[in-house]
1. Calculated FRET efficiency, K61 and M271, Cβ-Cβ r, R0 25 Å, to nearest 0.05?
2. Can you tell which of A175, A372, A140 shows the greatest fluctuation in a Gaussian network model of the chain with Cα springs below 10 Å?
3. Nearest 500 deg cm²/dmol is fine: what mean residue ellipticity at 222 nm does the chain get from its DSSP H runs of n ≥ 4 alone, each adding -39,500 (n - 2.57), divided by its residue count?
4. In whole Å and largest first, what semi-axes does the C-alpha gyration tensor of segment 205-258 yield when each eigenvalue is scaled by 5 and square-rooted?
5. Report, as a whole number in µm² per second, the diffusion coefficient that Stokes-Einstein gives for the chain at 20 °C and 1.002 mPa s using the Kirkwood radius over alpha carbon pairs.
6. What number results when the radius of gyration of segment 49-177, computed over Cα atoms, is divided by 2.2 N^0.38 Å?
7. Carbon and sulfur together cover what percent of the accessible area of the chain at a 1.4 Å probe radius?
8. Defining a contact as two alpha carbons under 8 Å apart and six or more residues distant in sequence, what relative contact order in percent does the chain show?
Amino acid sequence: MNHATVVRTITAATAATLLLAATPPAAATPARTAPAQSPASPPTDRPDIGDVQQAMEALAKTPGVVGAIGGAYVDGKPAGQGSAGSRLLDGKGGKIPPDSRFRIGSQSKQMVATVLLQLVEEGKLGLADKLGDLLPEVAADGLVERADEITVRQLIQHTSGIPDWFRKGSSTTPAFDVFDFTTYYRPIDIVKMTRGWPRTGEPGEKFSYSNTNYTLIGMIIEKLTGHTLADELKRRLFRPLGMTGTYQLTKPPQGIKGPHGHGYYPDSTGMLRDVHRFNASYGNGAGGVVSTTRDVSAFQRAFTRGKLLPPSLQQVLTQPQANGGGQQGAGLCGGTLKGAMPGGSAPGLTALTFASADGRRQFAISVTLNTADTRAVVLAMIKAVEAVLCPAT
């Protein structure tokens with residue numbers, strides 16, 4: 001995996017947010033879902049794992065990083081944790097607890113898409129179904145242009161051509177008020193933000209990352225199931241996989257439960273402001289999950305091992321056009337470490353999780369920031385992955 005490609009993949013996901021909402025459990029769990037941390041016959045050859053604490057200390061020295069935590073897992077069992085930097089700006093607040101919760105950003109999209117694809121498996125909808133048929137309200141008055149042509153597959157794979165509500169055109173700054181922590185916006189209100197913005201391509205023409213795709217997917221899930229997206233994520237993924245520290249935020253002023261790292265973002269004057277209570281409205285399907293290194297690794301292990309979807313539907317998410325080619329590649333550590341590394345960013349944070357192709361190793365990292373530019377931070381995070389998962393190289 002080329003480092004520059006990974007940086008593009010993860011920084012493209014800056015349109016993600018992350019939220020948290022403890023919701024009551026819904027009914028039965030799909031039979032396909034199995035606990036991710038109990039392999040039937042664990043392999044006896046345990047891969048070498050480097051010093052996670054040392055890797056976090058190196059990562060925390062990167063300009064722009066306030067605090068960093070990481071957790072490595074092999075065959076579903078902890079293989080090392082680390083925490084460096086501080087919980088608050090300027091070295092204040094002590095260290096972030098390594099098992100604390102954090103916003104996972106656009107890593108939420110993989111979870112949300114998994115729920116949607118389970119509904120496809122159950123016959124509730126098809127990959128060729130049209131957005132305009134599923135959500136007539138977004139087709140009305142041209143709210144989403146060409147909604148009658150855009151398919152479910154195109155939404156999942158970011159080939160719909162729908163503009164991204166997080167940024168307008170080629171702008172590098174958010175298109176909304178980052179510091180509005182209290183106003184509740186319905187998902188359809190978020191979609192309305194893009195009314196009249198230029199499309200990024202013809203339906204199905206090319207990959208163009210857009211958070212709006214997943215805001216719409218969240219709306220589809222809620223309409224088809226009659227439950228909140230938070231309920232469906234909990235029922236189908238979080239509870240059966242034992243992700244006890246994970247939930248989805250839905251409305252402000254909900255935030256991250258328990259002690260956690262605080263990220264900072266510059267306002268129009270350049271002053272750094274605490275954004276740890278980022279507006280939960282912006283999450284929905286685009287990036288609404290709060291998790292832990294253990295839990296997000298449990299999801300990645302189950303997904304990689306095919307416990308959540310049949311191969312034909314899992315491929316919808318893993319084939320190159322599903323992510324612009326950024327998550328599959330030659331591998332890290334000189335090509336010896338192969339797998340996927342979904343990531344996500346929002347103002348004040350970046351998070352990623354490496355999952356080896358064989359499903360045995362996962363390494364999750366969360367960093368809180370005091371900068372709007374994450375490029376150097378992402379490169380440092382990738383180096384941390386290599387230091388921990390390929391210590392010999």
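The values are calculated or read from the model by the stated rules, or taken from the named source; none is laboratory data. All values reported here derive from a predicted model rather than from experimental measurement. No Cβ is skipped: glycine too gets one built from the backbone with ideal geometry, and neighbour counts run over all protein chains shown. Surface accessibility is based on the protein's heavy atoms, side chains included, excluding ligands, DNA and RNA. Shrake-Rupley method; radii C 1.70, N 1.55, O 1.52, S 1.80 Å.
1. On the way: r = 24 Å, r/R0 = 0.96.
Calculated value: 0.55.
2. Per the Cα network of the chain with a 10 Å cutoff, A140 tops the list.
3. Values: 13 runs with 112 residues, N = 393.
Taking each H run of at least 4 residues, the total per residue is -8000 deg cm²/dmol.
4. Details: eigenvalues 105, 46, 33 Å².
Semi-axis lengths for segment 205-258 are 23, 15, 13 Å.
5. Numbers: Rh = 20.6 Å.
Approximately 104 µm²/s, per Stokes-Einstein.
6. Rg over 2.2 N^0.38 Å, computed on Cα atoms: 1.50.
7. On the way: 7610 of 14700 Å².
Carbon and sulfur together cover 52 percent of it.
8. Working: 954 pairs, mean separation 120.1, N = 393.
Worked out over the chain, it gives 31 percent.
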